[in-house]
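The values are calculated or read from the model by the stated rules, or taken from the named source; none is laboratory data. Computed from a predicted structure; not experimentally measured. Cβ atoms come from the backbone with ideal geometry, glycine included; neighbour counts cover every protein chain shown. Surface accessibility is based on the protein's heavy atoms, side chains included, excluding ligands, DNA and RNA. Shrake-Rupley method; radii C 1.70, N 1.55, O 1.52, S 1.80 Å.
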Amino acid sequence: MKRLDSFLESTGAEFLVVGELLIEGIEAYKAYMRHPGYDITATNPATNRSCRIQVKSRWATDFDGGFLIRKFDCDFVVVVALNRGYRYGKKRSGARGGRGEPVFYVFPVKVVRNAQEARSKLGKVFLRKIENVNQ
């Protein structure tokens, strides 16, 4: 299967996460200069604390729950299932063509590191390997 160019969608996922943080009253900033281990910085000026967030997004509604991660220079990993349509397997029918609302999964980086496939050279992690993934 040909690799999907999802640059705009992955950038959009980062802005979705920033937007959600801002709505919750958390100051957040997108890192624009290609920080290799994180995409967003969230801050609390009152306590002089901050955290780094890496965003992983998946375009397809029918993705297998897996994502790649090699760098762990962050405090949290947010996986955003964008649910933009079907890409794998048989095409399903429906008025929306598989499109749905984005779903966010937020994990401390340690949880993601512990769920990483030991044999994966690419650093694959599956959501199904993370305990209580929907909490």
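Dividing the summed helix terms, -39500 (n - 2.57) for each DSSP H run of n ≥ 4, by the number of residues in the chain produces a 222 nm estimate of -5500 deg cm²/dmol to the nearest 500. Just for the chain, what percent of DSSP beta bridges are antiparallel, to the closest 5? So the antiparallel bridges in the chain amount to around 75 percent.
Can you give me the orientation-averaged projected area of the convex hull built on the Cα atoms of the chain, in nm²? Here the figure is 9.7 nm², rounded to one decimal. Apolar share of the accessible surface for the stretch 34-135: 47 percent from carbon plus sulfur atoms, 1.4 Å probe. In percent, rounded to a whole number, the relative contact order of the chain is 18, using alpha-carbon pairs under 8 Å and six or more apart.
Taking Cβ atoms as reference points and 15 Å as the exclusive limit, the residues near Ala28 contribute a net charge of -3, counting Lys and Arg as +1 and Asp and Glu as -1. Accessible surface area normalised per residue over the chain is 69 Å², counting heavy atoms of protein chains with a 1.4 Å rolling probe. Stretching Ala118 away from His35 to a fully extended chain increases their span by 27.4 nm, per 0.36 nm per residue minus the current alpha-carbon distance.
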